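So the structure is just underneath, and the comments pick up after that.
Every read-out reported here was derived from the displayed coordinates using simple, explicitly stated rules and does not represent laboratory data. Quantities reported herein were computed from a predicted structural model and do not represent experimental measurements. All Cβ positions, glycine included, derive from the backbone under ideal geometry; neighbour counts span all protein chains shown.
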Amino acid sequence: MDGEAAQAGPGYARADQILSGYVTSAVGYASDYLQPTLHRGLPSAHLTFLFSLADPVVTGQTPEHARSHGPYRNLVLVGGLHSGPAYVVPDERQRGVQISVHPLAARAVFGAPARELSALVTDGFDLLGADAERVRAGMREASSWPARFGILQDYLRDRVDARPQRRERVRPELVEAWRWLAWHRGTGSMDGLAEHVHLSPRQLRILFAREVGVGPKQVGRLMRFAHATAQIAYAVAGDRTPDLAGVAAHCGYFDHAHLDRDFAQFAGINPRGWIAEERR
């Protein structure tokens with residue numbers, strides 16, 4: 001591999017802004033592992049779009065699948081909204097760019113609604129065509145993270161600009177419902193949300209299912225879970241022991257046990273087990 005992606009030591013670089021309104025974050029990573037520790041990728045309320053600038057990313061639906069002879073192997077991948085973890089087998093040297101895409105921008109960015117991207121992993125070349133390899137090669141050869149982010153920005157902008165905007169427009173009620181959920185960080189009643197956008201709860205569920213593939217309640221749960229895990233990870237990064245009961249209360253869970261249940265579904269492990277993995 002050419003350029004800084006091959007030479008840079010471990011570290012991360014975050015793009016200031018890429019395609020605002022469509023992309024919520026873009027992070028370049030260069031990670032060296034002393035031992036191949038299986039990574040647990042948690043679900044979120046966004047689509048994951050990843051370009052590997054090294055070897056294929058190896059993932060699985062279970063630890064056994066990830067370490068088997070038939071896991072997913074992708075140089076470019078799109079991860080849909082899902083309710084369980086993805087298990088990633090890290091190489092000794094990983095280099096890539098990971099992008100979080102707003103699900104309501106899926107039509108504009110990928111040419112398909114988020115409900116059609118519901119698989120844990122969709123091969124990026126199958127979805128995006130040969131142009132994705134051109135972009136990946138350009139980012140591999142670039143000499144800096146800003147240069148790579150510039151290539152990515154141009155690629156995504158060209159994809160959005162090339163699509164007929166009228167056909168890609170998402171219902172305004174759905175846009176406002178998502179904004180309301182994000183503002184409340186996934187908390188609040190579904191009846192209150194439906195009333196806010198002047199739809200019945202049933203109409204709102206149908207609207208979400210048609211566009212996103214999951215209902216508003218599940219989206220809210222994913223948002224709330226992401227808020228909780230971010231708080232826990234922040235404490236761990238500061239070498240502090242997270243107050244799980246306090247996190248649960250702050251993030252809108254009924255109690256600590258309620259948080260444990262979401263961890264069991266979304267992470268496949270309890271909070272303390274996940275904290276131990278994060279510290280490792």
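For the range 60-100, taking Cα atoms only, Rg and Dmax work out to 11.1, 29 Å respectively. For trypsin sites (Lys or Arg not before Pro), the sites in the range 120-193 that DSSP calls loop and that have at most 14 other Cβ atoms within 10 Å are ARG169.
Rounded to the nearest 20, the size of the Cβ-charge dipole of the range 9-137 about its Cα centre is 180 debye, with Lys and Arg at +1 and Asp and Glu at -1. Each residue of the range 33-121 gets 90 Å³ once the volume of the Cα convex hull is shared out per residue.
Over the range 181-280, the fraction of Cα-Cα pairs per 10 Å bin, rounded to whole percents and listed from the shortest bin up, is 15, 42, 27, 13, 2.
If you wrap the range 121-189 in the convex hull of its Cα atoms and look at it from every side, the mean projected area works out to 7.3 nm². Packing here is the average count of other Cβ atoms within 10 Å per residue, and on that basis the peptides 189-202, 266-279, 39-52, highest first, run 39-52, 266-279, 189-202.
The tail of the calculated P(r) for the chain, taken as Cα-Cα distances beyond 26 Å, holds 46 percent of the pairs.
Using the Kirkwood radius built from alpha carbon pairs, what does the Stokes-Einstein equation give as D for the range 95-146 at 25 °C and 0.890 mPa s, in µm² per second? Don't jump to the answer; show the numbers that get you there.
Numbers: Rh = 12.5 Å.
Translational D for this selection: 196 µm²/s.
Per residue of the chain, what 222 nm ellipticity follows from adding -39500 (n - 2.57) for every DSSP H run with n ≥ 4, rounded to the nearest 500?
Details: 14 runs with 130 residues, N = 280.
About -13500 deg cm²/dmol.
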